């Protein structure tokens, strides 16, 4: 990958955050960009059209469910709608990496990319997105309860 091209792409993301007047974690953004691979350099694939229902379904299925391992739920739909509202200042065309960044923050999944729990899960702006309880915490609780049940049954 061309380092100058990568820097220019990251700078484009920085400008998008500036237009929205939102601070961001540069390390998290870089990790999300890296996870997208070379598609971030493709003009069509690098942009999310928030008006395209098929694209939003693909984001939910391919990024949130398949990549992040989240369970299909209304919470995912609400998160996508919250991100669309947050990015209104970008006229319905948002960089995929920026869109994913907001989803990761909204669903408290930064540890998936940073490999450590994040201490700041909120996005600072004059209109904040409500943070939600991560779906994975619910799953872990269910798994723990199942383990306890299995142990009792094995006795």
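The values are calculated or read from the model by the stated rules, or taken from the named source; none is laboratory data. The shown structure was predicted, so the numbers you read here are calculated from the model rather than taken from an experiment. Every residue, glycine among them, receives a Cβ derived from its backbone with ideal geometry; neighbour counts consider all protein chains shown.
Scanning segment 21-74 for residues that are touching a residue at least 60 places away in the same chain (Cβ under 8 Å) and more than 13 Å from the chain's Cα centre (by Cα) gives 21, 22, 23, 27, 71, 73.
The single residue among 129, 98, 104 that is at pLDDT below 95, surrounded by 12 or more Cβ atoms within 10 Å (Cβ to Cβ) and out of contact with any strand residue (DSSP E or B) (no Cβ under 7 Å at 6 or more places or on another chain) turns out to be 129.
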